[in-house]
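Chemist: Dropping a structure here in C-alpha cells format, bear with me for questions.
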Amino acid sequence: MFSSFVKSMYNSVDRISELPLEILASILSLLPLKEAVATSVLSRHWRHVWASTLTLDFDPEKTLFGFTYLSRTLQDKKRRRYVNWINRVVEQHNGPNIESFRACFDLDCRFTSSIDKWIEFALKKRVQVFVLDFVKIYGFNKDAYAFPRKLLGLEKEFASNHYVGFNSLEVVYFENVDVTGEIIEYFLSHCPVLERLSVSFAKSLVNLRVVGPSVELKYLVLHYCFSLKSVEICDTKLVSFIHIGFAIDLRLSNVPSLVEVAISGCDTDINHLCASTDFMRLAFTQLSCCLYQLETFKIDSTLMEYNKDHVFPILSNLKHFELTADPDYEWGLSQLSSFMKAFPYLQTLTLKLRAWGNEEKKKIHKAAKCPHHYLKVVEVLKYRGRRNIVEHVMFLIENAFALEKLVIDPTNWNCHHSGSEWGKRERLKEAKARHHAMHLKNKVPATVEFVCL
C-alpha cells in the first residue's frame, strides 16, 4: 500500500512532508480514497492533508456484489453506511476544488436529502467529472432518485440558483438518476466544456434536443430510457452517439463530426418485439445523413430478420464493426456475410455473442464464401465452445484473407463478480470455454496471432 510506503519514508527521512500542500494533495489524489484518508495517522502534519484531495471516488469495492442476496435489513444497513461515509468526507473536505466525484451504490429517493448536498458540494468545488451511479443489479429502480430542478433554478422560488461549477463540468454520468429532457438540455446549454454525457434508466426522459453549434458535447450515451420517444441532434460537434432501448424517432442533421454510432434494440416488451424485424431497417434509414462517414458502427442483429433480397449500403469509411448476434439463428452466417460485403474496408470485427440456451437445437445454414481483403482483427466476445459458435469463427477465419489476430473472450461480465449460483455456473462455463478455445487454436493458421483472454 502507498500509505505504508509513505510511513516508511516518514520514519527515515521525512522529506515528503516538506512539500507544498497542493503537491501533497495531488499525490494523495492518485490513491484510492480510503488509502488517502489512512495517511492521516502518519503525523499531525498529515492529519488533514487528505481533505484536500482532488479525487473523491467512493468506490464500494466488492461490497455491492452479492448485495441482492442480502436481507432487506442488511441492504439498508449497507446503504446507510455508504451514505454516511460520503457525508463525512463531504463535510470534512477543505480543498478549494475537486477534479472528480463518483458515488456508486444501490441508492434511491430515500436518500434525496444527502444526494442533493453531494451535488451542491461538487458544483461548488468546480467538479470536472461527476458520476452518480445508483446501480440497480437488475435494472430499473422504480423509486429512483430524481435530479432536483431547484438546483438548476428551474423552479420559480429558486430561479436565481446557478452554480459556477457548471462551467467546469466535462463529464457527466447518471445511472438510475431520473432526469427529464429539460434538465439534460440545461446541462448542455450551461456547461461550456461538457464533452461526455451518459444517461441510463431515466424513466422521465421522453424527448431530447441536442441542437446548436454552441453545444460542445462530443459523446452522448442513452441506455434503457424506456419512455424515450424522440431525439433530435442537429448542428453539433457530436463525435459518438450510442442508444440502447426501444425504437425512437431519431432525427440527425448536419453532424459532420459524427463517426461512431451504436444502435441496439431492447427485447423486454412484447409490443416492441412485434416490430423488431424492422428495427434495424429503421435505424439505417434514420442514420442516412451520416452513414457514409461512419468509422465505427455497432448494432444488434438479434432484433432483425435476415432478408436475402435486402442490400445494405456500402460503407467505405467503416473501420470497426461490432455485431451482437445470436449464434443459433439459422441465417446468422448469411447475415454476417451481408455485412462483410457492405463494409469492404473493415479492419476490426467484434462479434458479441448472445446465446439464449445451453445447447443449440438446430443447425444453421451455410453461407456462400465472402472473401474480405482488409479485415485484420476479429474479436469474439462471450465465446462458448458450441458447434454454431465455432462455425461463425471458422467462417471468419476462412474468409478474412488479411487476418492477423483472433481474440477469444469467454467472459460474461454480467455475472463475473456475482456470488450467486448462476454466477458460479457461468464462471464454470467460462473455464470450459477457455479450455475448448485452446483446441480451436489448432485450426487457426500459423500466420494469425491467437489470443484467449
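The values are calculated or read from the model by the stated rules, or taken from the named source; none is laboratory data. Every value quoted in this text rests on a predicted model; they were computed, and no experiment measured them. With ideal geometry, Cβ positions are generated from the backbone for all residues, glycine too; neighbour counts draw on all protein chains shown. Remember, those area values only see protein heavy atoms, side chains included, never the ligands or the DNA or RNA. Shrake-Rupley method; radii C 1.70, N 1.55, O 1.52, S 1.80 Å.
Chemist: Quick check on segment 408-426. Is at least one of its residues in a helix (DSSP H, G or I), open to solvent by less than 20 Å² (accessible area, probe 1.4 Å) and at pLDDT 85 or above?
Modeler: Within segment 408-426 (the criterion being in a helix (DSSP H, G or I), open to solvent by less than 20 Å² (accessible area, probe 1.4 Å) and at pLDDT 85 or above), the answer is no, since none of the residues qualifies.
Chemist: Condition first: among the hydrophobic types (A, V, I, L, M, F, W, C) and at pLDDT 85 or above. Now tell me which residues in segment 257-289 satisfy that.
Modeler: Let us first name the residues in segment 257-289 that are among the hydrophobic types (A, V, I, L, M, F, W, C), namely 258-259, 261-263, 266, 270, 273-275, 279-280, 282-284, 287, 289.
Of everything in segment 257-289, those that are among the hydrophobic types (A, V, I, L, M, F, W, C) and at pLDDT 85 or above turn out to be L258, V259, V261, A262, I263, L287, C289.
Chemist: Shifting gears a bit: Across segment 307-335, what is the number of residues that are within 24 Å of H373 (Cβ to Cβ) and either among the hydroxyl-bearing types (S, T, Y) or in contact (Cβ under 8 Å) with a residue 60 or more places away in the chain (or both)?
Modeler: Residues flagged as within 24 Å of H373 (Cβ to Cβ) and either among the hydroxyl-bearing types (S, T, Y) or in contact (Cβ under 8 Å) with a residue 60 or more places away in the chain (or both) within segment 307-335 amount to 6.
Chemist: Moving on to the next point. Among the numbered conditions (1) modelled with pLDDT under 85; (2) open to solvent by less than 20 Å² (accessible area, probe 1.4 Å), tell me where F105 comes up short.
Modeler: F105 satisfies all of (1) modelled with pLDDT under 85; (2) open to solvent by less than 20 Å² (accessible area, probe 1.4 Å) except (1).
Chemist: Restricting segment 50-78 to residues that are modelled with pLDDT of 85 or more and outside any helix (DSSP H, G or I), which is farthest from R110 (Cα to Cα)? Spell out the reasoning first.
Modeler: First pass over segment 50-78, keeping only residues modelled with pLDDT of 85 or more: 55-58, 71-78.
Checking the rest, the ones that are also outside any helix (DSSP H, G or I) come to 55-58, 71.
Details: T55: 26, L56: 22, D57: 22, F58: 19, S71: 18 Å.
Among those that are modelled with pLDDT of 85 or more and outside any helix (DSSP H, G or I), it is T55.
Chemist: Name every residue in segment 372-407 that is open to solvent by 30 Å² or more (accessible area, probe 1.4 Å), assigned to a helix (DSSP H, G or I) and not charged (D, E, K, R), in order of residue number.
Modeler: Within segment 372-407, just M394 meets the criteria.
Residue-wise test of (1) in a loop (DSSP other than H, G, I, E, B); (2) among the hydrophobic types (A, V, I, L, M, F, W, C); (3) within 21 Å of V259 (Cβ to Cβ).
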site: V311; (1), (2), (3): yes, yes, no
site: L351; (1), (2), (3): no, yes, no
site: K363; (1), (2), (3): yes, no, no
site: K366; (1), (2), (3): yes, no, no
site: C370; (1), (2), (3): yes, yes, no
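Chemist: Please find, among K237, K203, the residue that is of a type in the set (K, R), without any contact (Cβ under 8 Å) to a residue 40 or more places away in the chain and either part of a loop (DSSP other than H, G, I, E, B) or surrounded by 22 or more Cβ atoms within 10 Å (Cβ to Cβ) (or both).
Modeler: On the way: K203 fails: without any contact (Cβ under 8 Å) to a residue 40 or more places away in the chain.
Just one listed residue meets the conditions, K237.
Chemist: If you check N94, N141, which single one turns out to be at pLDDT below 90 and either crowded, with 18+ Cβ neighbours inside 10 Å or touching a Pro at 6+ places or on another chain (Cβ under 9 Å) (or both)?
Modeler: Numbers: N94 fails: either crowded, with 18+ Cβ neighbours inside 10 Å or touching a Pro at 6+ places or on another chain (Cβ under 9 Å) (or both).
Result: N141 is the single residue among N94, N141 that is at pLDDT below 90 and either crowded, with 18+ Cβ neighbours inside 10 Å or touching a Pro at 6+ places or on another chain (Cβ under 9 Å) (or both).
Chemist: Give just the number: which of (1) open to solvent by less than 10 Å² (accessible area, probe 1.4 Å); (2) modelled with pLDDT of 80 or more does N254 not satisfy?
Modeler: Going through the list (1) open to solvent by less than 10 Å² (accessible area, probe 1.4 Å); (2) modelled with pLDDT of 80 or more, N254 breaks only (1).
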